[in-house]
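See below for the structure under consideration.
The values are calculated or read from the model by the stated rules, or taken from the named source; none is laboratory data. Model, not experiment: these values are computed from the prediction. Positions of Cβ are backbone-derived with ideal geometry, glycine not excepted, and every protein chain shown enters the neighbour counts.
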Amino acid sequence: MKTALRAIAVGAALLVPFASHAHKMWLLPSATVSTVDQWVTVDAAVSNNLFNFDHVPLRLDALAITAPDGSKVAAESPFTGKYRSVFDVPLKQSGTYKVAIVNNGLFANYEQNGQRKRWRGNAEKFATEIPADAKNLQVSESIGRVETFVTAGKPTETALKPSNVGLELIPVTHPNDLYAGEASKFRFLIDGQPAADLEVVVQPGGTRYRNDQEEQKLKTDANGEVSIDWAAPGMYWLEAGAQDQKTSVKQAKQRRLSYVATFEVLPQ
Amino acid sequence: MRRVAKLASAMLLMGASAAAFGAELNLKLEIPRLDVAEYHRPYIAIWVENQDQSTAAQLAVWYQTDPKKEDGTQWLKDLRQWWRRGGRELQMPVDGVTGATRPAGTHALSFKGADKHLANLAPGKYNVVVEASREVGGRELLRLPFEWPGTQPQTATARGKSELGAITLNVTP
């Protein structure tokens, strides 16, 4: 019984991966500044502390690695354990790689023959897989991105081009050119348009070893831009979220958008 | 009229580089002897920096070049400031700039205004930057200001605390 309950709870957590802000999702690369023919290894987890593995792994099903020339690279040696997932990325090209986990989906629950049912899928499957006699149908849509960036040699921007779907970050300052004591600027887009008045939270790693969360709460300007001051070198976590009604199926009332990224800030 | 102006500015430019033609930049650099269990010779980059910290000229980069050992270029990024300011854009090795790591002791470098390192350096104020990074050790960066080519001999000195010893820069016009 307990196991069954737990299974349901885990199932629910998986169904609404971006519902809770209590846990932080992140990708943590072993290096962000590297050279051609080197490798980086990346940890992927959902945790309370940054950047410790203390809750559940981040699943790698929707992992997409974009090479400097815009092509896709397959992750090597993927592994998902109790608390984290891990994978390696060979840096064969010169330039910037984008490592992203993009969860884009519809979530439904309904009743059929007196039983509650849950469903997860895309707009195409939605039309065929939800039975005609479904009662009390509730549908929500979410697009969530968890990203990080790694550069071999000189930073480039081809891999950072937005897909213009959901909430995305594009560089004003290159995400692998961040230094303590210097301000960096990023622009946020929703479906390719500047996301004004968006709340952005930035937090340095190492929360286990301090009392204060040290969150920086920022808001984007009319151009969707935000300027971030990095007080000290280290790994930083950034999160932004928004909601709108631009759903892909009419049964879904709301679309939830989220964006998370990990940045490395270097000393001068 | 315009042609005259162009001619005049061309002469001015020629005058400028001719003025620096006989100039010299000499650097004495001490790599300290360190009493540590595991010692590796430091990677060292030496370059000329503009006032806005962009790179004006590459002078020297010493790194692990032995082909029998693992590829030394992978650690060049640890010369962090140099890497950011142009190192990451270079194809290694660079003729006349890069070379093998050097042992502890004092090393002398000499560059003439006519050398390719400095031939394109416009008259003005600069820094010589020396950055050192050692495997399983520390990192240190020092700046020595100078004017190129200047009107009289200049000397600047700096002393590191950990990875670099005494550095003396002499510039003669």
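Observations, loosely collected:
- Filtered residue count, region A:71-93, keeping only those that are at negative phi, without any contact (Cβ under 8 Å) to a residue 40 or more places away in the chain, part of a strand (DSSP E or B) and not aliphatic (A, V, I, L, M): 5
- Top-ranked residue of region B:151-173 - restricted to ones that are touching a strand residue (DSSP E or B) at 6+ places or on another chain (Cβ under 6 Å) and in a loop (DSSP other than H, G, I, E, B), ranked as surrounded by the fewest Cβ atoms within 10 Å (Cβ to Cβ): B:153
- Taking the listed residues A:80, A:96, A:66, A:128, the one that is polar (S, T, N, Q) and surrounded by fewer than 16 Cβ atoms within 10 Å (Cβ to Cβ) is A:128, with no other qualifying.
- Leading residue by the ranking (surrounded by the most Cβ atoms within 10 Å (Cβ to Cβ)) among those in region B:57-100 that are assigned to a loop (DSSP other than H, G, I, E, B) and within 12 Å of chain A (Cβ to nearest Cβ): B:79
- Test: residue in region A:131-150 that is in a strand (DSSP E or B), in contact with a strand residue (DSSP E or B) (Cβ under 6 Å, 6 or more places away or on another chain) and at positive phi: yes
Here's the yes/no breakdown for (1) buried (at least 20 other Cβ atoms within 10 Å of the Cβ); (2) in contact (Cβ under 8 Å) with a residue 60 or more places away in the chain; (3) within 14 Å of chain B (Cβ to nearest Cβ):
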site: A:194; (1), (2), (3): no, no, no
site: A:211; (1), (2), (3): no, no, no
site: A:216; (1), (2), (3): no, no, no
site: A:237; (1), (2), (3): yes, yes, no
site: A:241; (1), (2), (3): no, yes, no
site: A:262; (1), (2), (3): yes, yes, no
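- Cβ-Cβ under 6 Å pairs, at least 6 apart or on other chains, region B:128-139 side assigned to a strand (DSSP E or B), far side of a type in the set (Ser, Thr, Tyr): B:133/B:43; B:139/B:133
- Considering A:213, A:254, A:203, the condition of being out of contact with any Pro (no Cβ under 8 Å at 6 or more places or on another chain), assigned to a strand (DSSP E or B) and farther than 26 Å from residue B:84 by Cβ is satisfied by A:254 alone.
- Selected residue (only one of A:110, A:97 is part of a strand (DSSP E or B), away from chain B (no Cβ under 14 Å) and modelled with pLDDT of 95 or more): A:97
- Just one of (1) surrounded by fewer than 18 Cβ atoms within 10 Å (Cβ to Cβ); (2) without any contact (Cβ under 8 Å) to a residue 60 or more places away in the chain fails for residue A:104. It is (2).
- Region A:105-162: number of residues that are hydroxyl-bearing (Ser, Thr, Tyr) and under 30 Å from residue A:87 (Cα atoms): 5
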